[in-house]
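First comes the structure, then the notes that go with it.
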Amino acid sequence: MSELPRAQDLGMMSCHVCRLVTTYSDDPDACCPRCHNRLHPRKHGSLARSWALLIAAAIFYIPANAFPIMRTQSLFDKDDNTILSGIVELWRAGSPDLAIIVFTASIVVPVLKFAILGYLLVSVQRSSDWSARRRAKLYRFVELVGYWSMLDVFVVAILSALVHFKVLSRVEPLPGVVYFGVVVVLTMLAAMSFDPRLIWDKRKAQ
């Protein structure tokens with residue numbers, strides 16, 4: 001079965017702002033006839049921006065796991081927890097379901113995003129012919145799960161707010177949660193910067 005033609009092959013392109021489909025143009029100054037925003041068939045510097053953001057996220061992911069994200073303080077005890085130690089504490093405290101959810105959102109999802117985005121970037125740079133449809137599904141999966149990575153940050157924020165109502169106990173966010181929030185934002189921006197239409201281009205992406 002022959003491949004379906006791309007919009008570019010049919011002489012069409014869409015506006016990234018209002019989504020109007022218009023005539024394809026290589027003119028860098030071409031503007032959308034409806035909203036007058038600049039038209040471009042592919043995101044400029046898509047691969048370079050995605051790589052930069054992904055590498056930065058990977059760097060920030062190290063202190064996000066090494067530094068404590070939360071301090072639990074009571075009248076006689078004070079305990080600082082990293083992501084992994086917090087998961088262990090949840091398991092020991094009799095909340096295995098919550099421990100699994102936090103482990104999935106804080107460890108599994110970020111690692112999967114790093115792996116999938118890295119693979120997509122490499123495959124596009126090498127003009128891979130392997131199942132463009134499956135790679136497009138991988139990209140949509142990254143976009144879908146991206147927001148759930150913030151679960152760890154929400155848990156710390158909710159615990160801090162709730163425990164502050166108690167007189168003899170307190171929960172404080174620590175620097176690790178800031179690094180983790182930066183990782184989530186950077187991976188989301190990396191996914192947004194990647195142009196999935198490059199997956200369908202046979203030529204070597206620039």
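The values are calculated or read from the model by the stated rules, or taken from the named source; none is laboratory data. On a predicted model such as this, the values are computed, not experimentally measured, just so you know. We place every Cβ from the backbone using ideal geometry, glycine too, and count neighbours over all the protein chains shown.
Criterion first (assigned by TED's automatic domain parsing to the domain that holds residue 115 and at pLDDT 85 or above) does residue 170 satisfy it? No, not satisfied. Taking each residue of segment 15-43 that is exposed (fewer than 14 other Cβ atoms within 10 Å of the Cβ) and looking for partners that are among the charged types (D, E, K, R) and in a loop (DSSP other than H, G, I, E, B) with beta-carbon atoms closer than 7 Å, six or more apart or interchain, yields 18/34.
This table checks each residue for (1) farther than 26 Å from residue 43 by Cα; (2) in contact with a strand residue (DSSP E or B) (Cβ under 6 Å, 6 or more places away or on another chain); (3) surrounded by 19 or more Cβ atoms within 10 Å (Cβ to Cβ); (4) charged (D, E, K, R).
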{"position": "84", "(1), (2), (3), (4)": "yes, no, no, no"}
{"position": "98", "(1), (2), (3), (4)": "yes, no, no, no"}
{"position": "108", "(1), (2), (3), (4)": "yes, no, no, no"}
{"position": "126", "(1), (2), (3), (4)": "no, no, no, yes"}
{"position": "136", "(1), (2), (3), (4)": "no, no, no, no"}
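Being surrounded by 19 or more Cβ atoms within 10 Å (Cβ to Cβ) and modelled with pLDDT under 75 is a property that holds for residue 149. All conditions but one from (1) modelled with pLDDT of 75 or more; (2) of a type in the set (D, E, K, R); (3) surrounded by 14 or more Cβ atoms within 10 Å (Cβ to Cβ) apply to residue 71; the one that does not is (1). With respect to residue 94, is the statement that it is touching a strand residue (DSSP E or B) at 6+ places or on another chain (Cβ under 8 Å) and either of a type outside the set (Lys, Arg) or surrounded by 14 or more Cβ atoms within 10 Å (Cβ to Cβ) (or both) true? No; evaluated as a whole, the condition is false for this residue.
Restricting attention to segment 187-195, does a residue exist that is modelled with pLDDT of 85 or more, out of contact with any Ser or Thr (no Cβ under 6 Å at 6 or more places or on another chain) and surrounded by fewer than 17 Cβ atoms within 10 Å (Cβ to Cβ)? Yes; the residues of segment 187-195 include at least one that is modelled with pLDDT of 85 or more, out of contact with any Ser or Thr (no Cβ under 6 Å at 6 or more places or on another chain) and surrounded by fewer than 17 Cβ atoms within 10 Å (Cβ to Cβ).
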